[in-house]
Every structure is written in C-alpha cells, then in structure tokens.
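Input: a single structure, listed below in structure tokens.
Please treat every number below as a calculation from the coordinates, not as lab data. Just so we're clear, the structure is a prediction, and the values are computed from it rather than from any experiment. Cβ placement follows ideal geometry from the backbone for every residue including glycine, while neighbour counts extend to all protein chains displayed.
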Amino acid sequence: MDEELKEMVRGPVIRPEDLAELLDKTKIPSDGIDLTILDVWGGRTKYGYQYKISTAQGDFYLNKASLKNLAKVYGNNTALWRGKGVHLQVTKVNVRGEMKDSIIAEPLEPLE
C-alpha cells in the first residue's frame, strides 16, 4: 500500500447506529443499501486523516476497510469518486477480540 493511501485509512470506525441517523433514521436493510457518491471530503482531524462521502441520504465517514475497498476500484484520487455507486452494509467485525457491528462500503457501478 502506498504512503498516500496509508494516510487516508487512519481514523475511527463509524457505528451502525450513526449511519441509521445519517440516513433519515431509517434502518439499513439486511442486504444493505445502494447510494451514489455526490462528493468526497478529506482532511486531518484529531483522529488522523478522515474521509467523508456525501450522498442524497446524508454524509458518511469512511472507516479503514471501506476506504481501502473504494480506493482499490475507484483509485486514490477521491475527486473521481463523484457519481460512483457505493453499497453500504452492516457486518460483524473483530474489534479487539470482540465481534461488533460495523458498516462496510463496497464499490458499485455508477447508479443510473
């Protein structure tokens, strides 16, 4: 992984309940939800470098796994992610030996 991507993936993991709040308090279906990226912001915060995507349903902070997933397909230039599709799904991940719900973003073809 190159140094630029390593800088991009530092930061806290957003909780599933945070995403439900961002998406007009709707519950994420068990098979996930497909959204279109309208814009991407990145910057240094007290937690390290953070990236946030904007969708018609709200904003979403990318966790490390999600950022890596999107960068693998869409590249490191986040300006080129606008108009691309993203699938968000709640999955169980191992956090310090404990299985917890986490939201993972996967790339999609651009939504029509």
* Placed amide H near Asn63: partners under 5 Å, 5+ positions off or other chain -> Ile14
* To do: Just grab the label-to-label distance for Leu38 and Met99, each label 7 Å out from Cα along the Cβ direction, in nm (one decimal).
  => 3.7
